[in-house]
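Structure, as structure tokens:
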Amino acid sequence: MIYPFITLDDGAEIVHSEMLSDGRVMVYVEKPDAKDCFHDMTCYLPSYEVESVHGFSREEQDRYMDVIRSGANLIIEFAKNGGFENASGF
């Protein structure tokens, strides 16, 4: 299952998976692009391992990783509990 996390001011969307069987959470960033259709990148928490990047500049990658790092605890918690809407206390 994939859950929404945040849509940024530049149109990029960050979503995450449920907790995977190996204890990781996949985080996916996608941004519409007029020329290439979409730019995207995938990383895994809690290691912050980036698996693939397509179309993003180094500056964009750094920006999105900053957002992911700052929200990692929430993303992991949401992944354990079925996304934001199912997390307790929200």
With criteria (1) farther than 14 Å from Ile68 by Cβ; (2) open to solvent by less than 70 Å² (accessible area, probe 1.4 Å), Leu8 comes up short on (1)
Among the residues of the range 60-70, is any under 20 Å from Asp9 (Cβ atoms), open to solvent by 20 Å² or more (accessible area, probe 1.4 Å) and in a loop (DSSP other than H, G, I, E, B)?
-> no
Count of residues meeting criterion [under 17 Å from Ile75 (Cα atoms), crowded, with 16+ Cβ neighbours inside 10 Å and more than 10 Å from the chain's Cα centre (by Cα)] in the range 19-49 = 2
Keeping to the range 39-51, report how many residues are within 16 Å of Val15 (Cβ to Cβ) and either in contact with a His (Cβ under 8 Å, 6 or more places away or on another chain) or at pLDDT 95 or above (or both).
-> 8
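In the range 71-82, how many residues are in a helix (DSSP H, G or I) and either closer than 14 Å to Glu30 by Cβ or open to solvent by 50 Å² or more (accessible area, probe 1.4 Å) (or both)? Steps first, answer last, please.
To start, the set of residues in the range 71-82 that are in a helix (DSSP H, G or I) comprises 71-80.
Pick out the ones that are also either closer than 14 Å to Glu30 by Cβ or open to solvent by 50 Å² or more (accessible area, probe 1.4 Å) (or both) and you get 73-74, 77, 80.
So the count comes out to 4.
The values are calculated or read from the model by the stated rules, or taken from the named source; none is laboratory data. Since this is a predicted model, take the numbers as computed values, not measurements. Don't worry about glycine lacking a Cβ; one is built from the backbone with ideal geometry, like all the others, and counts go over all protein chains shown. In case anyone asks, the SASA skips ligands and DNA or RNA and just uses the protein heavy atoms, side chains included. Shrake-Rupley method; radii C 1.70, N 1.55, O 1.52, S 1.80 Å.
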